[in-house]
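Engineer: Input: one structure, supplied below.
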């Protein structure tokens, strides 16, 4: 059977990378769409050798973009985390790193016009319902990726992309603290369960006998520790209202502790491996929790002002944040960068999806 051609752009968004698609180029049926994404990334396979996945959770991500039907929103963005070892596509979480590429992708796809030296792109995240404003550099009316902005976890510099997240508190559960408490105890460990941009369970690393500045490989190699964290995560997922989260990447896990040169340190699990840097949405959730007395983060953090400084394996990330009362977030910001890496046509086996344009007809 002939293969099916799908237009595709591969981009780095923040410290993640993956294919960006127009929703109109993918199957409308969710089950078929997920089958296409698995085939595209080469999952399930630990090397993803039969697809374009990078055999890492940070490079097994997908962004799906479409025009928005909302009057005050420019584009909709659906994020998909494609499991490496399982035939699983999870669209419950958001990814703020991949989101950094949505504005440039949408502009270059012609979904909206540029508006001068900078263009504001209003993005509705369909995973969580959050509204995000992205300020894209468009000198001369064209997207540029060149600039002097640096972000931890990415080499070199690029054009700055300022993201401002709104409507992020309680995006998945309706409450910043889904259980109604700022900390609970699970399996003898104090845990804060927080829903802000990304649902998380946050523990003090010291309570598990490790450091919040431990090397990621040290944590990844401690199978006993990971098993205990996963057991706690299962119960946290239930208490947060997500039911059985065995096959879900939410809630994510944060192991926090004190540090020098920042407000606090974290090791962020995605959730079964340590992130080599820190997810944007995770950083926002951690910053919000650090602003709230009674949380595990607040207990180890220096006082957080208008900007939270969070140390992670790739450096220190800055999260401008404004609260709207005791348990609501007015907005949270983040400086990111992105780069368009490759554009062209992705091929998936026709047995997976016979839609689109067959590869054999490419030259016609």
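Engineer: Test residue 113 against the criterion of being over 20 Å from residue 165 (Cβ atoms), over 14 Å from the mean Cα position of the chain (by Cα) and modelled with pLDDT of 95 or more, and give yes or no.
Structural biologist: Values: over 20 Å from residue 165 (Cβ atoms): yes; over 14 Å from the mean Cα position of the chain (by Cα): yes; modelled with pLDDT of 95 or more: yes.
Yes; evaluated as a whole, the condition is true for this residue.
Engineer: To continue, here is another question. Can you name the condition, by its number, that residue 187 falls short on among (1) out of contact with any helix residue (DSSP H, G or I) (no Cβ under 8 Å at 6 or more places or on another chain); (2) at pLDDT 95 or above; (3) exposed (fewer than 14 other Cβ atoms within 10 Å of the Cβ); (4) closer than 24 Å to residue 285 by Cβ?
Structural biologist: Failed condition: (1).
Engineer: Being under 27 Å from residue 79 (Cβ atoms) and modelled with pLDDT of 95 or more: is that true of residue 210 here?
Structural biologist: For residue 210, the condition - under 27 Å from residue 79 (Cβ atoms) and modelled with pLDDT of 95 or more - is not met.
Engineer: Sticking with this one: Mind listing just one residue for me: the one in the stretch 33-74 that is in contact with a helix residue (DSSP H, G or I) (Cβ under 7 Å, 6 or more places away or on another chain) and under 14 Å from residue 13 (Cβ atoms) and, of those, surrounded by the most Cβ atoms within 10 Å (Cβ to Cβ)?
Structural biologist: So, considering only residues that are in contact with a helix residue (DSSP H, G or I) (Cβ under 7 Å, 6 or more places away or on another chain) and under 14 Å from residue 13 (Cβ atoms), the one surrounded by the most Cβ atoms within 10 Å (Cβ to Cβ) is 62.
Engineer: Answer yes or no: is there a residue in the stretch 287-300 that is under 21 Å from residue 184 (Cα atoms), assigned to a helix (DSSP H, G or I), at pLDDT 95 or above and under 17 Å from the mean Cα position of the chain (by Cα).
Structural biologist: For the stretch 287-300, residues under 21 Å from residue 184 (Cα atoms), assigned to a helix (DSSP H, G or I), at pLDDT 95 or above and under 17 Å from the mean Cα position of the chain (by Cα): present.
Engineer: Here is a further query. Of all residues in the stretch 311-364, count the ones that are at pLDDT 90 or above and either assigned to a strand (DSSP E or B) or in contact with a helix residue (DSSP H, G or I) (Cβ under 6 Å, 6 or more places away or on another chain) (or both).
Structural biologist: 34
Engineer: Return yes or no: is residue 280 touching a strand residue (DSSP E or B) at 6+ places or on another chain (Cβ under 6 Å) and at pLDDT 95 or above? Break it down into steps so the answer makes sense when it comes.
Structural biologist: On the way: touching a strand residue (DSSP E or B) at 6+ places or on another chain (Cβ under 6 Å): yes; at pLDDT 95 or above: no.
No; evaluated as a whole, the condition is false for this residue.
Engineer: For residue 140, all conditions in the list (1) assigned by TED's automatic domain parsing to the domain that holds residue 11; (2) in a loop (DSSP other than H, G, I, E, B); (3) loosely packed, with under 14 Cβ neighbours inside 10 Å hold save one; what is the number of the exception?
Structural biologist: Answer for residue 140: the failing condition is (2).
The values are calculated or read from the model by the stated rules, or taken from the named source; none is laboratory data. On a predicted model such as this, the values are computed, not experimentally measured, just so you know. Cβ: placed from backbone, ideal geometry, glycine included. Neighbour counts: every protein chain shown.
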